[in-house]
Amino acid sequence: MKLMVSVKRVVDYNVRIQVKPDGSGVVTDGVKMSMNPFDEIAMEEALRIKEAGNAEEIIAVTIGEQKAQEQLRTALAMGADRAIHVEVDEDIQPLTAARVLKALADKEQPGMVLLGKQAIDDDQGQTGQMLAALWDRPQATFASKVDLDGQKAKVTREVDAGLETIEVDLPAVVTTDLRLNEPRYVKLPDIMKAKKKPIDTTSLADLGVEAAPGLKVTNTAPPPERQGGKKVESVDELVSELKNRGLI
Amino acid sequence: MIEWSESQQSIRQMVRDFVEKEIVPGLDEIEYNGVPPYDILRKMIRTFGMDELARQNFDKQIARDRAVEAGEVSEQPQADKGGSGAGGERAAMTLIPIIELSRHAQGLVTAMGVSMGLTGGAIMSKGTIEQKERWALDLLTLDKVGAWAISEPNAGSDAFGQMKTLARRDGEGGYIINGNKTWITNGPFADTIVLICKLDEDGVAPEDRKIVSFILDSGMPGLEQSKPFKKMGIGSSPTGELFLKDVHAGPERLLGGSEAGYGRSGAKSTFMQERAGVAAMALGMVERALELSVGYANERVQFGRAIGDNQLVQLKLAKMEVARVNLQNMVFRYIETMAEGRQMTLAEASAMKLYAAQTAMEVATEAVQVHGGYGYMRESRVEQLMRDAKILQIYAGTDEMQVIAIARDLRQRAGT
């Protein structure tokens, strides 16, 4: 079985995000970028599946600018066997990403496509679900545990009510939650070796995919700054302050 | 190189995560309570595959040595041709863990560096193939702990002049060694010791004695290793004494396989390697001192405003940033030099060491000052940086010896 893992280049989670003055987005120039942490968890899960003898090959995929190859190199250093870079300069919307992954799934025929449950840049959280619909295969989202059993996967999902375990037929789409695993440290010799692993570059046109510019970002703004609080001396004062502000 | 590459940045982040998760929680036990640092260092080395890299490099070097021995290739090592950059990548991968460890405990770098770099490196550069295979590989992977012993109670900067540890030929090809060594990093725990001493020959005046070096194993009859000293700083680097009483070393232990194998020039080339590491250590310490100081300057309020609003505090922060930028540029320059397969001059390597040591001390001292009373407390961590920084001005050649080395090299190259 082949596993396909999609990884996205995002602003590193340690970076303090700054909004561009014109509100068109966030500053990414000179900012540290890294692999979306949820995708790293997806990559780690794929490695564990392969190491347990349930998969033969792991293909890492990214959709994005030239520099997104850095994230593919990280995936290759972690242990992916090869990588596909779909080079696109514009921002990628979930539907476009899902169409690309569908086209690649048709071509590669993976037994499972693993994705982070969302990317930490735009927090859309839609690509996996859209892919499952387009590909017409089952989906198991927000996975906190994945067990393979022949042509099926048993997936525990983190949902509002607690943990839910479902069984899906393979091929399937799995999106990964935070507690699924802890990604490994990459070994320095593997970083060197990753430089020699193959990356295929392709484009939307090559894959016959049309971009889906259905969403338009109209404005990006930083969250409002927190106002300073006020200390009150007594319960009575608290109640009257709350009343004055129309909060009770 | 004006910035770490993306891949180097992600290595830094990864090593930092490891240090903060795996090393920092147990650090005080190592730093202050005598727990040896080697297990946690081994864990780091294995986690990042540094042992695997060392093994690969070792195999390459041994294959080369054998080819040289068979006369298939010339003895001159082939420098990386400009542009290949592999030497630079290797240098960066060596320096990044040094920088990241030094943010929390420079002593760990000292313990690791002396074992892998200094002791393992000495055997790799001058040892015979048999000696490399028997002793060096285990040191390069830190499976075994190494010590490099030159200093003596009366022989510090003037190591060769005052050296009293003597080896006498035993008449059967071997040697009998007597003497004391002190301030030896890893001395208390070393499995393998490179011992530098003088050859006591009949009819040779003490000042004309040759320098010879031996590879010794812990537990040899007559060799005693002291307990760790109590020190001002770098508690995570065990330091001690070695006592040698009629230690018998066979000819296979003579480093380089002959009495000329590892003398003054060998020991001196080892000094050169130590100096680049100091700039990386200083960079890690200065980065951390600056981060802690900026954080505290923003958060500490006195007289109704953050202390960072005061120009006297701002001046301290600004000077720390100047130091950080300079040190980072030095580290980048060193990596670029390695990438091109070139060597630094002795003056440059020494200048780098001198600047790095002085700067780390100044920045750490000012970081304590910015933190005030809190900075004097162990909890603040800046006081440890200050105590740790002092050793950089003393070991691997004192500041004063670096000045002499710089001036001498400059004057010699000017041809006067």
Exercise. Quick one: if you stick a label point 7 Å off each Cα along the C-beta vector at A:Q124 and A:E182, how many nm between them?
Worked result: 3.3 nm
Exercise. According to the square roots a ≥ b ≥ c of the eigenvalues of the Cα gyration tensor, what is the shape class of the stretch B:6-144, taking rounded for a/c under 1.5, prolate for a/b larger than b/c otherwise, and oblate for the remainder?
Worked result: oblate
Exercise. Using a Gaussian network for chain A with springs between C-alpha atoms less than 10 Å apart, which of these wobbles most: A:V26, A:V235, A:V11?
Worked result: A:V235
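What is the Rg over Rh value, at two decimals, for the stretch B:265-413, using alpha-carbon atoms and the Kirkwood definition of Rh?
On the way: Rg = 17.3 Å, Rh = 16.3 Å.
Rounded to two decimals, Rg over Rh is 1.06.
Just the number please: accessible area per residue for the protein assembly as shown, 1.4 Å probe, all protein chains included, in Å². Spell out each step's value before the answer.
On the way: 32460 Å² over 664 residues.
Ligands and nucleic acids excluded, the result is 49 Å² per residue.
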Problem set entry | For A:T201, residues with placed amide H under 5 Å, excluding near neighbours | A:H85
Exercise. Roughly how many Å is it from the Cα centre of the stretch A:57-93 to that of the stretch B:273-334, as a whole number?
Worked result: 36 Å
Exercise. Each label point is 7 Å from the Cα along the Cα-to-Cβ direction; what then is the distance between the points at B:A205 and A:V27, in nm?
Worked result: 7.0 nm
Problem set entry | Cα-only radius of gyration and Dmax that characterise the stretch A:2-217, units Å | 16.5, 53
For this session: For peptide A:180-188, compute the average count of partner chain beta-carbon atoms within 10 Å of each residue's beta-carbon.
Result: 5
Exercise. Between the stretch B:381-399 and the stretch A:130-194, how many Å separate their Cα centres?
Worked result: 49 Å
Seminar exercise, completed: Expressed as a whole number, the average count of other chain Cβ atoms within 10 Å around the Cβ atoms of B:126-138 is 0
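Please state, rounded to one decimal and in Å, the Kirkwood hydrodynamic radius that chain B gives when every pair of distinct Cα atoms enters the mean of 1/r. Display every interim value, and only then the final one.
Working: mean 1/r = 0.0444 Å⁻¹.
For chain B, inverting the mean 1/r across all distinct Cα pairs yields 22.5 Å.
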For this session: May I ask for the angle, rounded to the nearest 10°, between helix B:264-299 and the longest principal axis of chain B, with both axes built from Cα atoms and the value confined to 0 to 90°?
Result: 10 degrees
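Could you state the per residue volume, in Å³, of the convex hull enclosing the Cα atoms of the stretch B:147-262? Walk me through the numbers on the way to the answer.
On the way: hull volume 11.4 nm³, N = 116.
Residue-normalised Cα hull volume stands at 98 Å³.
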Exercise. Percent relative contact order of the stretch B:1-105, based on C-alpha pairs within less than 8 angstrom and at least six residues apart?
Worked result: 47 percent
For this session: Averaged over every viewing direction, what's the projected area of the C-alpha convex hull for the stretch A:1-82? Give it in nm², one decimal, please.
Result: 5.8 nm²
Problem set entry | Cα-based helix-to-principal-axis angle, B:311-339 vs chain B, degrees rounded to 10 | 40 degrees
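Using mean Cβ contacts within 10 Å as the protection proxy, how do A:180-191, B:51-62, B:358-369 order, highest first? Please report the intermediate quantities before stating the final value.
Details: A:180-191: 19.8, B:51-62: 15.8, B:358-369: 23.0.
Going from most to least packed, we get B:358-369, A:180-191, B:51-62.
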For this session: Please give the total accessible area that chains A and B bury against each other, computed with a 1.4 Å probe and expressed in Å² to the nearest 100.
Result: 1700 Å²
Problem set entry | the stretch A:118-199: translational diffusion in µm²/s, Stokes-Einstein, Kirkwood Rh over Cα pairs, 4 °C, 1.567 mPa s | 88 µm²/s
Exercise. For chain B, modelled as a Gaussian network with Cα springs under 10 Å, which listed residue fluctuates most, B:T94, B:T128, B:T119?
Worked result: B:T94
Problem set entry | Karplus-derived HN-Hα couplings along the stretch B:215-227 (A = 6.51, B = -1.76, C = 1.60, θ = phi - 60°), whole Hz, x at Gly and Pro | 9, 10, 10, 4, x, 5, x, x, 9, 10, 10, 6, 6
Exercise. Calculated from DSSP H runs of 4 or more alone, at -39500 (n - 2.57) each and per residue, what is the 222 nm mean residue ellipticity of chain A, nearest 500?
Worked result: -8500 deg cm²/dmol
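What is the packing order of peptides B:278-285, B:294-301, B:194-201, taking the mean over residues of other C-beta atoms within 10 Å and listing the highest first? Mind showing how you got there, number by number?
On the way: B:278-285: 28.5, B:294-301: 14.9, B:194-201: 21.9.
Output ranking for B:278-285, B:294-301, B:194-201: B:278-285, B:194-201, B:294-301.
Taking beta carbons within 10 Å but only from partner chains, what does the mean come to for residues B:44-57?
If you average over the peptide's residues, the count of other-chain Cβ atoms is 3.
Can you pull the percent of chain A's accessible area that's carbon plus sulfur, 1.4 Å probe, other chains left in place? Please report the intermediate quantities before stating the final value.
Details: 6560 of 13630 Å².
Carbon-and-sulfur percentage of accessible area, whole number: 48.
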Exercise. Does anything in the stretch B:273-304 have its amide N under 18 Å from the 7 Å Cα→Cβ label point of B:Y32, and if so which residues?
Worked result: none
Problem set entry | Within a Gaussian network of chain B (alpha carbon springs, distance under 10 Å), most fluctuating of B:S293, B:S265, B:S213 | B:S265
Exercise. Can you pull the three principal axis extents for the Cα set of the protein assembly as shown, in Å, largest first?
Worked result: 95, 71, 49
Problem set entry | Restraint check, A:K145/A:K197; A:K193/B:K43; B:K144/B:K181; A:K67/B:K60; A:K187/B:K390; A:K50/A:K145, Cα-Cα greater than 24 Å | A:K145/A:K197; A:K67/B:K60; A:K187/B:K390
For this session: Beta carbons within 10 angstrom, averaged per residue: use that to sort the peptides A:83-95, B:2-14, highest first.
Result: A:83-95, B:2-14
Exercise. Label-point separation (nm) for A:T165 and B:E69, each offset 7 Å from Cα along Cα-to-Cβ?
Worked result: 6.0 nm
For this session: Give the long-range amide H neighbours of A:I58: residues separated by 5 or more places, or on another chain, with amide H under 5 Å away, using H modelled in the peptide plane at 1.01 Å from N.
Result: A:L3, A:D81, A:R82
Exercise. Which trypsin sites (Lys or Arg not before Pro) from the stretch A:42-128 combine a DSSP loop assignment with at most 12 other Cβ atoms within 10 Å?
Worked result: none
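In deg cm²/dmol, rounded to 500, what helix-only [θ] at 222 nm does chain B give when every DSSP H run of at least 4 residues adds -39500 (n - 2.57) and the total is split over its residues?
Details: 13 runs with 205 residues, N = 416.
That comes out to -16500 deg cm²/dmol.
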Problem set entry | Accessible-area order (highest first, 1.4 angstrom probe) of the listed residues A:D39, A:D160, B:D17, A:D236 | A:D160, A:D236, B:D17, A:D39
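What is the Å³ per residue value for the convex hull set by the Cα atoms of the stretch A:138-248? Before the final figure, lay out the partial values.
Numbers: hull volume 37.3 nm³, N = 111.
Spread over its residues, the Cα hull of the stretch A:138-248 gives 336 Å³ apiece.
The values are calculated or read from the model by the stated rules, or taken from the named source; none is laboratory data. Just so we're clear, the structure is a prediction, and the values are computed from it rather than from any experiment. For neighbour counting, all protein chains shown are included, and Cβ atoms are generated from backbone atoms with ideal geometry for every residue, glycine included. Note: areas computed on protein heavy atoms with side chains; ligands, DNA, RNA excluded. Shrake-Rupley method; radii C 1.70, N 1.55, O 1.52, S 1.80 Å.
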